[in-house]
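Here's the structure, in structure tokens; my notes come after.
Taken together, the values in this text are just the output of simple stated rules run on the coordinates, not laboratory data. Small disclaimer: the values here were computed from a predicted structure and weren't measured. Positions of Cβ are backbone-derived with ideal geometry, glycine not excepted, and every protein chain shown enters the neighbour counts.
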Amino acid sequence: MAVDLSMPVLVVDDYKTMIRIIRNLLKQLGFNDVDDAADGTEAFEKLQKKQYGLVISDWNMEPMTGYELLKQVRSDETLGKTPFIMVTAESKTENVIAAKKAGVSNYIVKPFNAQTLQSKIAAVFGD
Amino acid sequence: MSKPSTSALSDETRTSATGDKSTGTKETSLIDILSMTEDSVASLKSALKHFDGSIYKEFRAIAEQINQTKTEISKLGINGLQPDRIPEAGRELQAVVDATEEATNQIMECAETIMTADPSSPATYHNIINDNIMMIFEACSFQDITGQRISKVVETLSYIDKRVNQFADTLESRDPSLENRHFDEEEARAAERKRDLLLNGPQLDDVGVSQDDIDQLFA
């Protein structure tokens, strides 16, 4: 399945700078419909209001973490299959394994570059 | 110390406990106090006769331990630590956060300006790129200052770590069963949340897994 550059993407991070970086990288990659949320709770509300083609989320956020958001998304009947990439500084093996068990589509360790983001998005969509 | 005999005291010594001679009211005199003290000491002496010598030794040991603890606490230099070092370390870290945020914003603004610059006029385009690249270089100078600030914080942490460890060693107060005990309920809740939600934070280069390792897990 080819990556649809027109699909809405939701970026979830509690650091505005990080959102700005990912937004700019996505823009460079050709994605123009990019929304953002500051934590899992806000993200889940947005996911229920708009159909996103991809969620890119940080792990460590308050009050709802990216890991909790992932589990909530996966347990939701409507949102359950939304592609979900974790972009995080959490680089312990236990984090990666837990995220994989919870159904994460791919996992990127910060700091990362545009090429890594591009390749992981492509991998999620089978390109 | 020799105790004064009540009979040897002059009239002048028979001043009331309040120091007021003119009121005429009956008040406890110094003589009365001394007399009561004599009685108390006498009864205490008789009580102490019943104490075992080992209890006395225990009290001596406790007194020595208290003195040693006081000496160790004074060696910690807590008086110098509280008003200066810890608040200063906090201010240094906040300054690092502010400086990195400011620099990041400046760099991103420059990059966004370059990204959206109109290339139709080569001369203008060239100037925009040059100006913004110079501003990026300037913004990167934050690293030198923040590096120095962080070194000061590391120094403070080492200062505290060294003294606390020395203190614990001297008092032989290390108890492995207390290592995971929390200071209060709030700290316990935060620790539980971190554990349950795997909030480990960034790992050092040689500790965390690399992107290549992760890619293998997802292959």
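Considering only DSSP beta bridges with both partners in the protein assembly as shown, what is the antiparallel share in %, to the nearest 5?
Values: 2 of 17 bridges.
In the protein assembly as shown, DSSP labels about 10 percent of beta bridges as antiparallel.
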Given a Förster radius of 35 Å and the C-beta distance between B:Ile129 and B:Phe218 as r, what FRET efficiency does 1/(1 + (r/R0)^6) yield to the nearest 0.05?
0.40
Semi-axes in Å, largest first, for region A:1-53 (Cα gyration tensor, √(5λ)) are 18, 16, 7
Any aspartates and glutamates whose Cα falls less than 14 Å from that of A:Lys100, other than same-chain ones fewer than 8 residues away, would be A:Glu68, A:Glu90, B:Asp213, B:Asp215
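Whole number please: convex hull volume per residue of the Cα set in region B:54-169, in Å³?
In region B:54-169, the Cα hull volume divided by residue count equals 99 Å³.
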Using bins 5 angstrom wide from zero, how does P(r) for chain A break down, in % of all Cα pairs?
2, 12, 24, 27, 22, 11, 2
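What pairs in A:Lys49/A:Lys110; A:Lys49/A:Lys92; A:Lys110/B:Lys75; A:Lys92/B:Lys152; A:Lys50/A:Lys92; A:Lys46/A:Lys110 have C-alpha atoms more than 31 Å from each other?
Exceeds cut-off: A:Lys49/A:Lys92; A:Lys110/B:Lys75; A:Lys50/A:Lys92.
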Which whole-Hz ³J(HN,Hα) couplings does region A:64-78 yield from phi under the Karplus relation 6.51 cos²θ - 1.76 cosθ + 1.60, θ = phi - 60°, glycine and proline marked x?
9, 6, x, 5, 5, 4, 4, 5, 5, 5, 5, 8, 8, 4, 7
What lysines could a cross-link reach from A:Lys27, if we take a straight Cα to Cα line under 18 Å and drop same-chain neighbours fewer than 8 places away?
A:Lys16, A:Lys120
What are the residues whose amide H is under 5 Å from the amide H of A:Ile56, where those residues sit 5 or more places off or on another chain and H is modelled from the backbone?
A:Leu10, A:Val11, A:Val12, A:Ile85
Relative contact order %, chain A, counting alpha carbon pairs below 8 Å whose residues are six or more apart
25
Cα extents of region B:108-219 along the three principal axes, largest first, in whole Å?
75, 42, 29
Would you mind checking which residues have amide H under 5 Å from A:Ile108's amide H? H placed 1.01 Å from N; only 5 or more apart, or other chain.
A:Met86, A:Val87, A:Thr88
Whole-number percent relative contact order across region B:54-169, with pairs defined as alpha carbons under 8 Å at least 6 apart
38
How large is the Rg to Rh ratio of the protein assembly as shown when both quantities use alpha carbon positions and Rh follows Kirkwood?
1.29
Candidates per trypsin sites (Lys or Arg not before Pro) in region A:18-60, loop by DSSP, up to 16 other Cβ within 10 Å
A:Lys50
